[in-house]
1. For region A:331-400, build the convex hull from the C-alpha positions and give me its volume per residue in Å³.
2. Quick check: net charge around A:Ser275, other residues with Cβ under 11 Å of its Cβ, Lys/Arg +1 and Asp/Glu -1?
3. Counting only protein heavy atoms and rolling a 1.4 Å probe, how much accessible area do A and B lose on contact, total for both sides, in Å² to 100?
4. With contacts defined as alpha carbon pairs under 8 Å and 6 or more residues apart, what's the relative contact order of region A:316-418 in percent?
5. Connecting C-alpha atoms closer than 10 Å in a GNM of chain A, tell me which of A:Gln67, A:Gln326, A:Gln40 has the biggest fluctuation.
6. Using a/c under 1.5 as the rounded threshold, could you call region B:3-160 rounded, prolate or oblate? The axes a ≥ b ≥ c are square roots of the C-alpha gyration tensor eigenvalues, and prolate needs a/b larger than b/c, oblate otherwise.
7. Using a Gaussian network model of chain B whose springs link C-alpha atoms within less than 10 Å, name the residue from B:Asn184, B:Asn230, B:Asn340 with the highest mean-square fluctuation.
8. Per residue of A:48-58, count partner chain C-beta atoms within 10 Å of its C-beta, then hand back the mean as an integer.
Number of protein chains: 2
Amino acid sequence: MTHRVVIIGGGFGGLHAAKKLKDPAIAVTLIDRRNFHLFQPLLYQVATGGLSPANIASPLRAILRKQKNVDIVLGEAIDIDCVQKQVVLRDRRISYDSLIVASGAHHDYFGHPQWEPFAPGLKTVEDATEIRRRILSALETAELSTDDDLIARCLTFVVVGGGPTGVELAGALGELTRRTLRDNFRRIDASSAKILLIEGEDRVLPMYSPDLSETAKQSLQRLGVSVLCNARVTEVNAKGVQVQFADATQEIPAKTVLWGAGVRASRLGKVIAESTNAQLDRSGRVIVESDCTISDHREMFVIGDLAAFEDERRNQLPGVAPVAIQQGRYVAGLIRDRLNGKATKPFVYRDHGKMSTIGRAAAVAEIGSWHLTGFVAWVAWLLVHLMQLVGFENRVLVLIQWAGNYFTRNRAARLITQTENAGGND
Amino acid sequence: MTHRVVIIGGGFGGLHAAKKLKDPAIAVTLIDRRNFHLFQPLLYQVATGGLSPANIASPLRAILRKQKNVDIVLGEAIDIDCVQKQVVLRDRRISYDSLIVASGAHHDYFGHPQWEPFAPGLKTVEDATEIRRRILSALETAELSTDDDLIARCLTFVVVGGGPTGVELAGALGELTRRTLRDNFRRIDASSAKILLIEGEDRVLPMYSPDLSETAKQSLQRLGVSVLCNARVTEVNAKGVQVQFADATQEIPAKTVLWGAGVRASRLGKVIAESTNAQLDRSGRVIVESDCTISDHREMFVIGDLAAFEDERRNQLPGVAPVAIQQGRYVAGLIRDRLNGKATKPFVYRDHGKMSTIGRAAAVAEIGSWHLTGFVAWVAWLLVHLMQLVGFENRVLVLIQWAGNYFTRNRAARLITQTENAGGND
């Protein structure tokens, strides 16, 4: 009898699990709300006009076209019925023998959901085009205005969170205002734009070694980014942000505030916790066993950003693509081993290092005890990201746009689309 | 004293006028609601997932970066004050010595605006991504459904209008369903999708010679498109369309109806007619003099799709890009000649022929008495369109995607974005 595997989420974890489950004895159903797999690590390039959404997205049906045992369902899993072993969608139920939940995470406002309209995060294609719209519209408003206060507010960009997303966004904003937009405006000087990166800890990229954090900070400063550490955002509204330092509070008027700080696990974590004995961690992630299962539901796997996995040294694995990919492949292998009556082993994460880019031709990389910086790290970052992109065509398209960006500082995709008052078109 | 030229609209006419007005004695203000110039002839490729919006759009500020005498204003011209010689925007007035109105046209529903929600037209980037969403969502709904009627409705695509837009859309739909989506679905057969092209006259592409219309029809049929001529759409609603033939009426149930039929001039035509002695034609276009001016306002020029221009043989010039481009350049030259006290000549359109593509490797072209078809016409079409695209990078990106489309039938940009219930992302 065919073993039915249902996978919720077509991100890194879910997609790699599906690909690894290529086996005629297994029927895979992949459920996603979107019809494409998104390469989230490059989303900040879409937000800053360097790439188009389609360059970093691949239709799931195209990727899995030839894998006949995979069925794709476009829809949202709203509940999991652990007793009947069914995933509940709005208008149907899908039965499983094994379930892989890989529905990821979204940004979180530390208990201040009211900040969201003023400080969009960067998780979806729509987030990216909305951020692109806000950045470009702020500059257009400044160009037309004669009100000095408004101009100053429009030319201030605040990025909250000094992790990889915040650093990459702030760096790209530096490139955009300092280089790409040179000569674009007649009244304002885009290169005078203030870009503030706010980080709660005492250095940016706190997950890297201190020397690399320092390098990243210097690279950011060369691009005109002011790095504010030990700073906590206490308010975000239409006027700007309020920041609290150790000994002072500062109001920063800013039209554009971008959120790269908190992350919260998908709502399905709560669903799982309510129907199994699984516990959630502080970010709403499901605490899983060493084989990514839940102790009283060994047929249920939770992987990627939704899972809180503690490795053998009791370190929490970070919410990054390589963890999700490796867990997806591991779980797929485990399911096949179980079916073949083979013994299974716990999941072991192989850390191949981490890298972040800071604008053009600058990056930091930490690979074991190797610390790379500058152009070398940037080339390494570029190659690794190109290789990881899905689809040969996308790789070529991205490479050409990066070459254009490198040599001419162009960011051709800087379109303001889906404006509030678009629609008609006289 | 500097001569102030205000241009309304950054489409083909307005942009080419601005570029030709490179003269330090002239101060140009280009007003557009959008921050980019759009290459509308390729919009159908975005609507069918072959290209990304940014591939056929270029930021106006980037194009005119080095032309220091051009000021770009992002905004909407809502009125023209012919007495004070000012263009009225929502929050400001801009004075002109010469005015070029090039605000184009939008689609029109022959007096049935209530059809619009059921049959989107194709004029803006948002139109294209919305059509892309509808096409792909219809297939996804069919794949999930067990209701035969609904499946049939989802697999029926009606394109209203057999002009270039309709023919190109229907051809691309044929490619998409017959080739690109092969193996993508597990339950439905995308290649069984019905594609109906409805044309009121007795042949598609009625502005071409009858032999080319016949070739186009055969090419469409090879792609699975049913061509219905002498057919008039009398109703469009959520269920589908009602079509009236010479001797019968037919209801066609269809979830996706696309509008490529009527065109109506921008609202500014009416504004001009109300404040000058200019007359409008049946499509709301401003009837202009032989130098593109209005007889009692020689400082006011109307060009492109907004203008009704009758050539020396009393033929109406068609609403196509080459007319707009040539009028834009002509008017810019005329303004400079006037300033230099030179005599001016009437506008003469140089017709370099026309071409339309019908799916992969097929096209028709009519260049004077030359009639090209098939692969040769397609290559000619491809080269002409690549050359006309603004920006070297865009040309390379489009060429690569067309090569990918040609060799692998891929259309990688088939993303469903901005869905009604997107936004959150659990």
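1. Working: hull volume 7.8 nm³, N = 70.
Per residue, the Cα convex hull of region A:331-400 comes to 111 Å³.
2. Values: positive: A:Lys270; negative: A:Asp79, A:Asp81, A:Glu274, A:Asp296.
Net of charged neighbours comes to -3.
3. Details: alone 20360 and 20400 Å², together 35090 Å².
Protein heavy atoms only, the A-B interface buries about 5700 Å².
4. Details: 74 pairs, mean separation 13.4, N = 103.
It rounds to 13 percent for region A:316-418.
5. Per the Cα network of chain A with a 10 Å cutoff, A:Gln67 tops the list.
6. Numbers: a/c = 3.79, a/b = 2.25, b/c = 1.68.
It comes out prolate by the Cα gyration axes.
7. B:Asn340
8. Details: counts 0, 2, 1, 2, 9, 7, 15, 6, 0, 6, 3.
The per-residue average across the peptide is 5.
The values are calculated or read from the model by the stated rules, or taken from the named source; none is laboratory data. Being a predicted model, the structure only gives us computed values, none of them experimental. Backbone-built Cβ (ideal geometry, glycine too); neighbour counts: all protein chains shown. For accessibility, only protein heavy atoms count, side chains too; no ligands or nucleic acids. Shrake-Rupley method; radii C 1.70, N 1.55, O 1.52, S 1.80 Å.
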